[in-house]
Every structure is written in structure tokens, then in C-alpha cells.
Amino acid sequence: MRALDLGRREAELLSWLAAIVDSSDDAIISKDLNGIIQTWNGGAERLFGYRADEVIGKPVTILMPPERLNEEPGILARVRKGQRVDHYETIRRKKDGTLVDISLTVSPICDATGTIVGASKIARDITGQKRRNELLERAVAERTSALRSALEQMEEFSYSVSHDLRAPLRAIDGYAGALLEDYAADLKPTAREYLESIQRSSHRMERLTRDLLDYSRLARGEARLEAVDAHRLVLEIVAHYQEFQLPHSRVTIQGVLPRVMAHETTLGQCVANLLSNAVKFVAPGVQPEILIRGEERDGKVRLWFEDNGIGIPPSQQHRIFAMFERLPGATNYEGTGIGLAVVRKAMDKMGGATGVESEGEGGSRFWLELKSVANHGLHTTANHEATARELAAHSAAA
Ligand code: ADP
């Protein structure tokens, strides 16, 4: 009686399992170790278009388009070793010849003694999902390109605005100056003050347009990288501006700065901007002191600019590289809020990075990071060039 019950229970369970397999939306197929189809559920019929009696006993390769036939030996080899194939994305062919994107899971089937006798395959139609992904990718690509062209137009626009504003500005400044000089005797003190105010404003606007022009020139231009001797470049910049020299300020270079992969003029602009800020943002009466040093690590070079200025509170540091951002502490100092935006854009253009460290007082430590020359294999090229030059000199002498 118990044995009979057990037999009925098993039969019930089997028909339950068969019903579950048959009602599944996924195609569930089994095959023997030679790849011959053994079972075929309703999902498989719906997905591939073949009825069970049309495919049972046939090789599973009838579902494969010719260019995918090479997948089967690999799948069978894995199954024979008792391994699974999980969510393998591939393409299969339906009865009507159309192709369908599927995600395939194949697992070995064992008999009662544990011997592998075949494999079960679960195939899910992922055509819709693939299509949605493709549409999404296309939409993202289209928007990115629209944004890029909008950005280029904006940069183009700001270039022409800042460029075209300069001539009328110079005229305003020039005529205000002419009035002050040529008609000094006729001007009442208030009229003089007004004219001087016009001049101050036009000077400020001149600085703004110049900085904006620098920014948009940089944004429009291309920054071709080459090996740059950062040490020589920094020395040249320090020598060029009196404000970076004694007695105004003390700029020290520690050791020899490494060579970097950069666009020389663009890097020069960054160095000049950082140094201008470093000598500008100091407390009244303090002589600016700047230490410049290089750090080479993991194929990259960091150039550090450490100052003894007013410092930047950590909570504000993320703001200062954005366009027109000036911190409350900067209102007593001249500026447009564009210098660091130029630095960031420049470093982006050169595939580098920039940042700052400061505890809010006791000065700031700005850094520029670029690829090191050694990492670029340019040392060898440079050596070859040097050797070639030497050889040329020798042969010329001979
Ligand atoms: P600007 O110098 O024209 O004000 P920047 O874009 O160069 O504009 O700098 C943005 C702001 O970052 C400055 O207004 C100032 O608040 C802060 N800053 C930049 N460099 C320093 C520095 N070395 N020390 C302290 N604050 C700085």
C-alpha cells in the first residue's frame, strides 16, 4: 500500500514537473551527448516554430545559423566535463529561417548512477531586450553628440563675443582717456570722477574679455602633446614676470622638475595662472613664497605649487575650478574667476588633471598632473635624436 502510494506520488510529481516545463515561456530542450534532441517543450515550439514531433531525434544544430555551428562542439565538451554554460548570448534560427537573439543556459543531465547522459538547454528570447539596449545606446550617442555640438557652438559664440567686444572697449577707454587729458581744464571734478570710473570699468571688462578669449581659444584649439622640459618652462615663466621675482616674491624650485607629455604653451598658461594666484592671494604685508616641486609616480608627473597664501577652506575647494567662481575671501583681490577654469580646461585638453589641497589656512598646494615622458617611450626617441645629431656633427667635422 505504501509502495503504491509512493508510486502514485512520484507519477503526480512527474506530471507536475512536465506541466511546469511545458508552460514555461522559455524554450526548454534536452539533448543527448551527441547533440540529438530528446525533449521539446511548448516554449521551444513558440520560440523556434518547430513542433516537438518535427525535431525530436534531430541534431540540435538545425537551430543554428551556419556561422554559429562552431559553438556546438564547445558546448558539448563542457557538458561532458559536467560543466554548465550560463546565460550565453547567441543567435539561433527559427523554422521560418528568421534569426533570434537568445540567452542560453546549458546544464548536464545525469542518470540514476550519476553518469552524464545529456544536457538540458534553456533558451530565452532576448530580441526585445537587445533592441531596447540598442535604442538606448543610440539615444545616448545622439544626445551626447547634440550636447557636444551645443557646447562647441557655445565656445564658438563666447570666442566671437569676447573677441568682438575688445575693439569697442578700447574705443571707450581711449575716448575717456582723451577727454581726461585733452579737456582737463573744462572738466568739473565730478565729471573727472565719472570718466575715471568709466575707465576702471572698461579695464575690468578688458581683463574679462581677455580671460574669456584665453578660455575659448583653449577650448577650440587642439593640444598636441610632446615631451616638455617642465623645469626650463617654469624658469622661463618666472623670468618673464617681475611679480614672480624678488623683491616682490620668492619662488623656489626644489630639485629638477621632470619632463612631461604636454602642449608647451598650454602648460605654460597653467603654470602662469597658478603662480599669479599664488603671489596674489596672500595676506596684506606678507611676501609671497612659493615652492615648486615635481613628483614622478606610476608613469605620471605631479607638479606641485605650494604657497603661503590665505588658503582655501576644504568645503570650498570643489568650487574654485568652475567659471567665474571667486571665494568670499577673494573680493579684496583683483580677478575675474576664470584663471582656474582655464587651468582645468587646459589639463583636460592634455589628458591630465589638476587639484588643490589646503587646510583653509597656512597656504594652498595646487597640483598639475600629466603623463611622464619616460612612460611614453620618448626617452629612447630623444636619445636616438641626440645620437643622430652627434653623428651628423661628427661627419660634418670629418
Ligand atoms: P581669480 O584669480 O581671477 O579670482 P581664479 O579662477 O584664478 O580666479 O581663482 C578662483 C578663486 O579661487 C579665487 O577667486 C580665489 O578665491 C581662489 N584661489 C585661487 N588660487 C588661490 C590661492 N593660491 N590661494 C587662495 N585662494 C585661491
(Q) Checking Ile320 against (1) more than 23 Å from Ser249 (Cα to Cα); (2) out of contact with any Gly (no Cβ under 8 Å at 6 or more places or on another chain); (3) at pLDDT below 95, only one condition comes out false. Which one? (A) (3)
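Tell me the residue from Gly118, Gly128, Gly97, Gly114 that is within 20 Å of Trp40 (Cβ to Cβ) and out of contact with any strand residue (DSSP E or B) (no Cβ under 8 Å at 6 or more places or on another chain), please. Reasoning before the result, please.
Working: Gly118 fails: out of contact with any strand residue (DSSP E or B) (no Cβ under 8 Å at 6 or more places or on another chain); Gly128 fails: within 20 Å of Trp40 (Cβ to Cβ); Gly114 fails: within 20 Å of Trp40 (Cβ to Cβ).
On inspection, the qualifying residue turns out to be Gly97.
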Q: Please enumerate the residues belonging to the stretch 318-333 that are more than 6 Å from the ligand (Cβ to nearest atom), within 20 Å of Asp214 (Cα to Cα) and either of a type in the set (Gly, Ala, Ser) or in contact with a helix residue (DSSP H, G or I) (Cβ under 7 Å, 6 or more places away or on another chain) (or both).
A: Phe321, Ala322, Met323
Q: Output the qualifying pairs, or none if there are none: Cβ atoms under 8 angstrom, residues six or more apart or on different chains, first residue in the stretch 341-367 and free of Cβ contacts under 8 Å to residues at least 40 places away in the same chain and basic (Lys, Arg), second residue part of a loop (DSSP other than H, G, I, E, B) and near the ligand (Cβ under 10 Å from one of its atoms).
A: Arg344/Phe321
Q. So is Lys95 of a type in the set (Lys, Arg), under 18 Å from Phe48 (Cα atoms) and in contact with a Gly (Cβ under 7 Å, 6 or more places away or on another chain) or not?
A. yes
Q.
Any residue in the stretch 269-293 that is closer than 23 Å to Thr331 by Cβ and at pLDDT below 95 sitting within a Cβ distance under 7 Å of a residue that is more than 10 Å from the ligand (Cβ to nearest atom) and among the charged types (D, E, K, R)? List the pairs, counting only those 6 or more apart or interchain.
A. none
**Q.** Residues located in the stretch 69-87, provided they are under 21 Å from Trp40 (Cα atoms), out of contact with any helix residue (DSSP H, G or I) (no Cβ under 8 Å at 6 or more places or on another chain) and surrounded by 14 or more Cβ atoms within 10 Å (Cβ to Cβ)
**A.** Glu71, Ile75, Leu76, Val79
**Q.** Output for the stretch 279-310, where each listed residue is within 7 Å of the ligand (Cβ to nearest atom) and over 15 Å from Gly355 (Cβ atoms)
**A.** Lys280, Phe281, Gly309, Ile310
(Q) With the requirement that a residue be near the ligand (Cβ under 7 Å from one of its atoms), in a strand (DSSP E or B) and under 15 Å from Ala272 (Cβ atoms), what does the stretch 334-370 give you? (A) Phe366
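The values are calculated or read from the model by the stated rules, or taken from the named source; none is laboratory data. Note that the structure is predicted; figures quoted are calculated from it, not measured. Here the Cβ is made from the backbone with ideal geometry for all residues, glycine too, and neighbour counts use every protein chain on show.
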